[in-house]
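Enquirer: Below you'll find the structure I mean.
The values are calculated or read from the model by the stated rules, or taken from the named source; none is laboratory data. Nothing here was measured: the structure is a model prediction, and the numbers come from that model. Cβ sites come from the backbone with ideal geometry, for glycine too, and all protein chains shown count toward neighbours. These accessible areas exclude ligands, DNA and RNA; they are computed on the full protein's heavy atoms, side chains included. Shrake-Rupley method; radii C 1.70, N 1.55, O 1.52, S 1.80 Å.
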Amino acid sequence: MAKPFLTFQAQISFLEQDKNLLVEDYAFAEAMLKQIGYFSLIGGYKTPFKNPTTHKYKDGTRFEDIVALYRFDETLRELFLKYILKVERHIRSLLSYYFTEIHGEAQSAYLSPANYNQARKYAPAIRRLVSVLDNLANNNSDYPYINHQRQAYGNVPLWVLTNGVTFGTLSKFYKFTTQDIQSKIARNFDKVNQKQLEQFLSVMTKFRNVCAHGDRLYSYQTRNDIPDTVLHKKLDIPQNGTQYSMGKHDLFAMVIAFRYLLPKDDFIRFKSALTSAIRH
């Protein structure tokens, strides 16, 4: 049966009486449930506090403990999103520059499947990518700078259009562009080749979505991995067979990705902020 609707007071009563959760401040608990929502707060952050046998909260667990974990994760989301956006901006700039350098500024260049990787397996995905770009370039959008370019000049250059595409679309654009362009972009990142950059961007896109949508971040894992790096070996991360047990598709993978994709000064600032968030 579907779970019944419960008032905020009934939600608190359920947590106390049925789930062994201590609620010391009812006004605070109700305010948090109103602001965050039962599913996002309790459903998202209960796991570390639950007894796996009884499925109730461990003795002594307080409502405030769950809120504290939520707020820590919120801090992580804000921090990681800030630096993911820096990588995203860098990729937008490089991709539009090197693609236009080779194919010119006419929008017909990025709307032509002939200017992408010609591997047969990519053809359907490239058609979908071009369709997305075409819709953004040729239909009224929420981006006035795109509308202005189309109305004033009848052409939306790629360096304008990329500001309106999602990071997911940007990542796919990089994946399906030709190898010479990929290589030029990858050379802007120390010790990262074009294939590794594709893997980094694919995983980073998923973490960006988690951060932007306010989902649980600290324990999130992707299905795909970032590449094995020298840093994995230097840190002596344990392996299960040939697979590193950490730093491949978890949040630590983003820390490693930042080490390779952020300028040195930005990474130092990120690391300092992350250390501070963990200590507090």
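Enquirer: Nearest 10 degrees is fine. How inclined is helix 144-153 to the longest principal axis of the chain, computing both from alpha carbons?
Expert: Computed tilt is about 10 degrees.
Enquirer: Does the range 139-215 come out rounded, prolate or oblate by the C-alpha gyration tensor, with a ≥ b ≥ c the root eigenvalues, rounded set by a/c under 1.5 and, if not, prolate when a/b is larger than b/c and oblate if not?
Expert: oblate
Enquirer: Still on this structure, I have one more. Roughly speaking, what % of Cα-Cα pairs in the range 43-184 are separated by over 24 Å, rounded to a whole number?
Expert: 48 percent
Enquirer: Just to confirm the number: angle between the C-alpha axis of helix 8-17 and the first principal axis of the chain, 0 to 90 degrees, nearest 10?
Expert: So the helix axis and the longest Cα principal axis differ by about 60 degrees.
Enquirer: How do 179-190, 213-224, 3-14, 77-88 rank on mean C-beta neighbours within 10 Å, highest first?
Expert: Top of the packing list down: 77-88, 179-190, 213-224, 3-14.
Enquirer: Looking at the chain as a GNM with Cα springs under 10 Å, which of GLN107, GLN118, GLN196 has the largest mean-square fluctuation?
Expert: GLN118
Enquirer: Before rounding to the nearest 500, sum -39500 (n - 2.57) across all DSSP H runs of length at least 4 in the chain and divide by the residue total; then give [θ] at 222 nm in deg cm²/dmol.
Expert: About -18500 deg cm²/dmol.
Enquirer: Further question: Calculate, in nm to one decimal, what SER141 and TYR26 gain on full extension: separation in residues at 0.36 nm each, minus their alpha carbon distance.
Expert: Once the chain is fully extended between SER141 and TYR26, it gains 36.8 nm.
Enquirer: On the protein heavy atoms, probe 1.4 angstrom, tell me the percent of accessible surface of the chain carried by carbon and sulfur.
Expert: Carbon and sulfur: 51 percent of the exposed surface of the chain.
Enquirer: Also, I was wondering about something else. So if R0 is 35 Å, what FRET efficiency would ALA273 and ASN155 give, r being the distance between their Cβ atoms, rounded to the nearest 0.05?
Expert: My answer for the efficiency is 0.25.
Enquirer: Under 5 Å between amide H atoms, partner at least 5 residues away or on a different chain: which partners does GLN239 have, H built in plane at 1.01 Å?
Expert: SER245
Enquirer: Here's something else I'd like to know. Given N residues in the range 21-90, what is its alpha carbon radius of gyration divided by 2.2 N^0.38 Å?
Expert: Rounded to two decimals, the normalised Rg is 1.37.
Enquirer: Averaged per residue, what accessible area in Å² does the range 112-211 show with a 1.4 Å probe, protein chains only?
Expert: Solvent-accessible surface per residue comes out at 50 Å².
Enquirer: Looking at the square roots a ≥ b ≥ c of the eigenvalues of the Cα gyration tensor of the range 241-280, which shape do they give, rounded for a/c under 1.5, prolate if a/b is larger than b/c, or oblate?
Expert: oblate
Enquirer: Output the 0 to 90 degree angle, nearest 10, between the alpha-carbon long axis of helix 26-36 and the longest principal axis computed from the alpha carbons of the chain.
Expert: 20 degrees
Enquirer: Multiply the residue separation of GLU105 and GLN239 by 0.36 nm, subtract the distance between their alpha-carbon atoms, and state the gained length in nm to one decimal.
Expert: Taking 0.36 nm per residue and subtracting the Cα distance, the gain is 43.5 nm.
Enquirer: Sticking with this structure for a sec: Could you tell me the distance between the Cα centroids of the range 205-258 and the range 145-171, to the nearest Å?
Expert: Centre-to-centre (Cα) distance: 32 Å.
Enquirer: Let me ask you something else. Using all Cα-Cα distances in the chain, what percent lands in each 5 angstrom bin from 0 up to the longest?
Expert: 1, 5, 10, 12, 13, 12, 11, 10, 9, 7, 5, 3, 1, 0
Enquirer: Might you tell me the accessible area per residue for the range 47-86, computed with a 1.4 Å probe and given in Å²?
Expert: 54 Å²
Enquirer: Simple spin-label model, 7 Å along Cα-to-Cβ: ALA212 to THR166 in nm?
Expert: My value for the distance between the label points is 0.7 nm.
Enquirer: Per residue, how big is the convex hull of the range 2-52 when only Cα atoms are used? Give it in Å³.
Expert: Spelled out: Cα convex hull of the range 2-52, divided by residues, is 93 Å³.
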